[in-house]
1. Angle, helix 210-219 long axis vs. longest principal axis of the chain, Cα atoms, 0 to 90°, nearest 10?
2. For region 162-257, with only Lys/Arg (+1) and Asp/Glu (-1) charged at the beta-carbon, what is the dipole magnitude about the Cα centre, in debye rounded to 20?
3. Based on Cβ point charges of +1 for Lys and Arg and -1 for Asp and Glu, what charge dipole magnitude is obtained for region 229-346 about its Cα centre, in debye rounded to the nearest 20?
4. How much length is gained if the chain between residue 36 and residue 215 is pulled fully straight, taking 0.36 nm per residue apart and subtracting their Cα-Cα distance, in nm to one decimal?
5. With angles folded into 0 to 90 degrees, how steeply does helix 3-17 sit against the dominant principal axis of the chain? Use alpha carbons for both and round to 10.
6. What size of dipole, in debye to the nearest 20, comes out for the chain about its Cα centre when the only charges are +1 on Lys and Arg C-beta atoms and -1 on Asp and Glu C-beta atoms?
7. Arranged from highest to lowest average of other beta-carbon atoms within 10 Å per residue, in what order do the peptides 60-69, 200-209 appear?
8. Of (1) 17.5; (2) 20.3; (3) 25.5, which one was derived for mean projected area of the Cα convex hull in nm² from the structure shown?
Amino acid sequence: MKRKLLKKIALFAMTAALCVGAFVPLTAKAAEVSASSLVGDWYCAGFDGMTWSGMTSDGMLHFKENGTYDDMWRDPKVCHMEAGSLNVEGSTVSFDFWGGWPNDDTLEDAKKNGSNVHIFIMRGSDRMKYDNLMWNESKGYWQGEGGATWTRVEESSSKESKKSKKSRAEKEAEEAERLKAEEERKALEQASREAVRLEGEAAELGFKNAAQMQDAKAEGKSADEYYNNAVVTTEGIENAVPVAQGGKLIIDGQTTNASATISKVSSVYVDSVRAAREGTVLNVVDVQFPALEAVVNFYMPGVKAGDNITAVQYVDGTWTDVEVVEVRADHVVLNLKGNGVVAFLMK
């Protein structure tokens, strides 16, 4: 994994540990701030001494006269003196300026490049609020990883002198923060590994992504069944005839673009229809469509014109006959009087 990405992941985890509440839009005029007014060192105790991949943070942001700054890992960032607001997890967050990687001239660049950005809110002249953000493409907003407060280091005092004035309670609190950050970093690493594993599994099984794989698993469907809105295999039926929607739905006598959802059922329905009706059970599926009644064309590969196929629907605990409108090659058309479980039988 590239150094930049490794440090980005670590930064996400550690800033989450320093979270002191979500940013809220500023109600007063944003503090007037310029690159020159930021020059110097800014210190955050929570980051001091943290290590990652052989590097140790000094808990400092180093702002320079040329409009750049080094973050706590000594990575160079560009300071953009642009106030504005962003959609952060559904809420509007106002900021006084932002910083990012040198190749990201705009926030849109950061989105496209998958980069993290820093936004800053001034709290007077010697304190600033900071958040680390990453664009979440699927949700359409910036994802925040928690805020941290940084304090300007006066030129007349060193970081060590500041640390020496800390009380025992402050030191214990900082150690607790460090331990929490370490735990969350490990949790983030584990989550990242699990995400990679799931994406790999999804690709092997023919899914576009892990989310769709999880949805299909919840329905008990394979990739082919999920993407084709079909039921190919059914528990309790050996060599079931696949069932999918095979044509447009006719509702109130009009051909429509509406779709029926074809879902799997448990073997309880298979056993029930076998006990109630004669014939070979070809398949049993749950059919849902956006109407009270509909003529539904089912695609059932292997069916031949003239096959003696009947259909029944499970209604209030009883299997009720369904009108078979047509049987032709690979298709069975039914006139359904409602949504629900439908069984196809061959006599």
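1. Approximately 40 degrees, to the nearest 10.
2. Values: 16 positive and 20 negative charges, 192 e Å.
So the magnitude is around 920 debye.
3. Details: 7 positive and 13 negative charges, 41 e Å.
Charge dipole of region 229-346: 200 debye, to the nearest 20.
4. On the way: separation 179, 0.36 × 179 = 64.44 nm, distance 5.25 nm.
Here the answer is 59.2 nm.
5. The helix 3-17 is inclined about 90 degrees to the chain.
6. Numbers: 40 positive and 52 negative charges, 138 e Å.
Dipole size: approximately 660 debye.
7. Numbers: 60-69: 17.4, 200-209: 13.8.
Order by mean packing, descending: 60-69, 200-209.
8. It is the one labelled (3).
Any read-out appearing in this document is the output of simple, stated calculations on the displayed coordinates, not a laboratory observation. Since we're looking at a predicted model, the values are computed, not measured. Note: ideal-geometry Cβ built from the backbone for every residue, glycine included; neighbour counts use all protein chains shown.
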